[in-house]
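Structure first, commentary second.
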Amino acid sequence: MTAPVALTKKDFETANDVRWCPGCGDYAILANMQRTLPDLGIPREQTVFISGIGCSSRFPYYMNTYGFHTIHGRAPTIATGLKLSRPELSVWIITGDGDALSIGGNHLIHLLRRNPNVQLLLFNNRIYGLTKGQFSPTSEIGKKTKSSPMGTVDAPFNPIQLTLGAGASFVARSVDIEAKHLQDMLKRAHGHRGASFVEILQNCPIFNDGAFDAVTDKATKADIVLQLEHGKPMLYGKERNKGIRLVNGTLDVVTLGENGVTETDILVHDEANLSQAFLLGGLHLPVPVGVFYRVERPVYEDLLNGQVAEAKEKKGDGDLQQLVNGASTWTVP
Ligand code: SF4
């Protein structure tokens, strides 16, 4: 038996012209995915990218794997069907805030509660890019766009809290241009057995430029971003002297040395703590990135395919025509 050939980033690239706008954050996400896949050791022919509609959904064209650019909001549904029939495949869903949280909101939450072993990456740029700049389900209140000239009055979805509420077994957040962190999150998502949800903050320089500048700017990010690490205290800041404390069930941002606060007061991150993950999901400053929550629970394809196997063992292979005919069919002479 010959050893599998080690793949490189180049093996996952295609000759197709990449048609995102210059400077779009999608380029960085694509490059990081192509860098990560060789480390996962999965053959290209066993890797599938499934997308819906939107700028991000062009992703499968640019991956030298199997891929399926499907219909608006329905990528989770098609991915579930594929995973049920071919559980050995590595299935990645690529979607955006418009695709997954508006028309596809229903499909997203049902994917997460069912928990098939797939990865879903939500590129969140807080705008509709492909249709040229309307407010999306994650646009902040008051945002002026072509479809909200006086500022949107819609309260935005919080993707982290929404997916935790839907029963997701793995919820994480990363940033398009944070290469190492994003690659780590992609690996963690892949390593989790169950539906993994990763929100990726993604800049759209054409219609919502700078939405995440504070999170990516070298001058500010240390004081803005909280890196969640399991088992470690939630400290951040240039001096690592700011932190998060739990007081009466709410999160409190504190500075070490002020008002008698010491490191022992700082909350330790626990990826298995759902209530804590929900609180962290609601935190706007600092902005938490990393794995908010992870739990092992039964996987959809195991349960459903297990039932099929059990039924076949008891009753033998089914007969589709007999099933269609049912018990009460008749012939009209
Ligand atoms: Fe990227 Fe925005 Fe252009 Fe879409 S419209 S390709 S999200 S920069």
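Nothing in this text is a laboratory measurement; each read-out follows from the coordinates by a stated rule. Given the structure is predicted, the values throughout are model-derived calculations rather than measurements. Because the Cβ atoms are built from the backbone with ideal geometry, glycine has one as well, and the counts that use them run over all protein chains shown.
Taking the chain as the reference, fit the longest principal axis to its C-alpha atoms, fit the long axis of helix 300-315 to the helix C-alpha atoms, and give the angle between the two in degrees, 0 to 90, nearest 10.
That helix lies at roughly 20 degrees to the long axis.
Given the options F197, S169, N208, identify the residue whose Cα lies farthest towards the positive end of the charge dipole of segment 95-213 (+1 on Cβ of Lys, Arg; -1 on Cβ of Asp, Glu).
The listed residue farthest towards the positive side: S169.
Rounded if a/c is under 1.5, else prolate if a/b beats b/c, else oblate: with a ≥ b ≥ c from the C-alpha gyration tensor eigenvalues square-rooted, which is segment 151-259? Each step should come with its number before you reach the end.
Details: a/c = 1.35, a/b = 1.16, b/c = 1.16.
Cα axes put segment 151-259 in the rounded bin.
Please label the shape of segment 195-249 as rounded, prolate or oblate, based on the square roots a ≥ b ≥ c of the eigenvalues of the alpha-carbon gyration tensor (a/c under 1.5 means rounded; beyond that, a/b larger than b/c means prolate, else oblate). Please list the in-between numbers first.
Values: a/c = 2.43, a/b = 1.48, b/c = 1.64.
Taking the square roots of the gyration eigenvalues as a ≥ b ≥ c, segment 195-249 is oblate.
When a/c reaches 1.5 or more, the comparison of a/b and b/c decides; with that in mind, is segment 1-128 rounded, prolate or oblate per its Cα gyration tensor? The partial results should precede the final answer.
On the way: a/c = 2.23, a/b = 1.20, b/c = 1.86.
Taking the square roots of the gyration eigenvalues as a ≥ b ≥ c, segment 1-128 is oblate.
To the nearest 20 debye, what charge dipole does the chain have about its Cα centre, counting +1 at the Cβ of each Lys and Arg and -1 at the Cβ of each Asp and Glu? Mind showing how you got there, number by number?
Values: 33 positive and 34 negative charges, 89 e Å.
Roughly 420 debye for the chain.
Working from Cα positions, state the angle (0 to 90°, nearest 10) between the long axis of helix 105-114 and the longest principal axis of the chain.
The two axes meet at around 80 degrees.
Could you please rank M150, M185, M63, placing first whichever residue has the fewest other Cβ atoms within 10 Å of its Cβ?
The most exposed by this proxy come first: M150, M63, M185.
Of the listed pairs K180/K238; K9/K187; K83/K187; K10/K132; K218/K242, which have alpha-carbon separations greater than 24 Å here? List each step's numbers first, then the result.
Details: K180/K238 19 Å; K9/K187 15 Å; K83/K187 19 Å; K10/K132 32 Å; K218/K242 18 Å.
Over 24 Å Cα-Cα: K10/K132.
Return one number: the angle in degrees, 0 to 90 and rounded to the nearest 10, between the long axis of the Cα atoms of helix 75-85 and the longest principal axis of the Cα atoms of the chain.
Here the helix axis deviates by roughly 50 degrees.
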